[in-house]
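The structure under discussion appears below in the form of structure tokens.
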Amino acid sequence: YRGVSDLAAAGSSFMRSVPGAIGFYEGLFPSAAAGSSPQRFRIVNGGPVTFSGRGAIVPAADLRSDQVGIPDDMAWTLFGPVAAREAGAEAVEARTDKAVAALDRAMAAHWAIMNRAPSVAPTSLLAFHPVRVPGHAIWFPVLGCMLMNADFDGDQMAVLVPVTDAAQAEAGERLSIAGHLRRAPGLIGLLTPPMEALWGVAHLSLNEEGRKQIAAIAGSDLVGEDGIACKESVAAHAAARMERDGVDAALGMLEELTRLGFDAAKRSGASMCPFAPVELAPPPALDPDDVEGWFERLDQLGQDLIAQTDYAAHDFGPQLLALKSGARGRLSQLATCLIGAVIADLDRRLVYTPYGFARGLPKDVAFTRTVGALRGLSAIHTTGIDMLVERRAACAPTGHGVLARALASPNPGVVFARAALHGEVDPLTAVDARLLVGLRPL
């Protein structure tokens, strides 16, 4: 690769499954000149890219925020040629101890760009130092999950390895998590310890000894308005730390808090109890035609739930702490579990069901909820497709040069043939034409 514009070529690795797909990243790479317009590059459907791979991802709590785990076989394929410069091709082929050491050094010195489709945000491209891991899945650092909306339900990521020194340096400077933070400090709010780790930090903040452990890392006990460490208090402290001590110091603090939180959650033995305290929220007797009354009563009971502070209760405390710390869940989900919900029946009419998951659902209610969930997923899918189609149309090539016409045409070969017949030459002044052939925009 020759720099920012060459990521266009890399894009074909993860865009080739969509015939004719064209995507833009605009404003992702600010121009070096003060006050100048942001650069952009295009990703165009094409063939396979050398030095690229793809795999399912699994969470890795022990990796730093600048590391990603590459499966052993993929690592040899991607970085074996680099290791061969030091250890020799025969040693790499045989995977000798010398070749293994050379491979690990080569990986530690390189950046690999990770992409998770759909690429709808600048943080859909993140650069990490790769490390070898066993198995066949890519190990992804948990601190980067929110940036890529990774939730490990079968998610896959593409691995793209910039080849030249210039592209390597640019990937680390601009596409690493630290690089993104230096351009957009507000992203720090997406880098708080995730889920179980944040729950563990909140759990530690319930007692003096735990608060001391937190303060030893963060310089503060991170206790928020509810008397516990929470997502907002951690994010605010991380933002202040970044402003005072820099991006690397803030990331280091968040990495240590994440490891501490996971360890605390594991040692606590806490879990969701199947015997939730249904007496906390008895089902209300409501007028079946009073829709406003349903919502009002459910909100009242939900407020009674959230006002609880007995985090040590084995049957309800873990859920309550998860909700109030921001680690997991919303009040509406807790109410649905313990109280009931207003759902749409098969005729799309609102119906109150005084059955929470803790009590169990009658079969007709369970069936209705399932149909509603499938309808909701279908609506989300349809909306996503409409957004992609709209964005694709908005990013269609402009201009009347040969390459612009070919990019916009369903039959680019005809465009090139007619242009050749008439001796037409593209001036390579349009941004789309320049990016297509690997040149920086003017």
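For the reader, a short list of remarks on this structure follows.
- Backbone phi angles across segment 79-90, fed through the Karplus curve with coefficients 6.51, -1.76 and 1.60 (θ = phi - 60°), yield HN-Hα couplings of 10, x, x, 6, 5, 5, 5, 9, 9, x, 5, 5 Hz in residue order; Gly and Pro are listed as x.
- Sparsely packed loop sites in segment 202-259 (the GluC sites (Glu not before Pro) outside DSSP H, G, I, E and B with at most 13 other Cβ atoms within 10 Å) comprise 225.
- Of the accessible area of the chain, computed with a 1.4 Å probe over protein heavy atoms only, carbon and sulfur atoms account for 57 percent.
- GNM top mover of 380, 70, 228 - the chain, alpha-carbon springs below 10 Å: 380
- Across segment 86-186, the mean sequence separation of Cα contacts (distance under 8 Å, 6 or more residues apart), normalised by length, yields a relative contact order of 29 percent.
- For segment 385-391, backbone phi angles converted through the Karplus equation (6.51, -1.76, 1.60; θ = phi - 60°) give residue-by-residue couplings of 5, 4, 5, 5, 5, 5, 5 Hz, Gly and Pro being listed as x.
- Across the chain, the mean sequence separation of Cα contacts (distance under 8 Å, 6 or more residues apart), normalised by length, yields a relative contact order of 13 percent.
- Inter-part distance, segment 289-363 to segment 178-196, computed on C-alpha centroids, equals 31 Å.
- Here the sum of -39500 (n - 2.57) over DSSP H runs of 4 or more residues, divided by the residues of the chain, equals -14500 deg cm²/dmol at 222 nm, to the nearest 500.
- Computed over the alpha-carbon pairs of the chain, the distance histogram in 20 Å steps reads 20, 44, 30, 5, 0 percent, short to long.
- Derived scalar couplings ³J(HN,Hα) [segment 174-189; Karplus, 6.51 cos²θ - 1.76 cosθ + 1.60; whole Hz; x for Gly, Pro]: 10, 10, 5, 4, 4, x, 4, 5, 5, 8, 9, x, x, 5, 4, x
- Working note: Cα gyration tensor of segment 95-240, eigenvalues times five, square-rooted, sorted largest first, giving semi-axes of 33, 18, 15 Å.
- Amide hydrogen neighbours beyond the local backbone of residue 60, cut-off 5 Å, H modeled: 140, 142
- Rule-of-thumb Rg ratio for segment 238-382 [Cα; 2.2 N^0.38 Å; N residues]: 1.35
- In terms of the mean number of neighbouring beta-carbon atoms within 10 Å, the peptides 368-376, 169-177 order highest first as 169-177, 368-376.
The values are calculated or read from the model by the stated rules, or taken from the named source; none is laboratory data. None of these values were measured; they are calculated from a predicted model. Quick reminder, even Gly has a Cβ in these numbers, built from the backbone with ideal geometry, and neighbours come from all protein chains shown. Areas reflect the complete protein model, heavy atoms only, side chains present, ligands, DNA and RNA absent. Shrake-Rupley method; radii C 1.70, N 1.55, O 1.52, S 1.80 Å.
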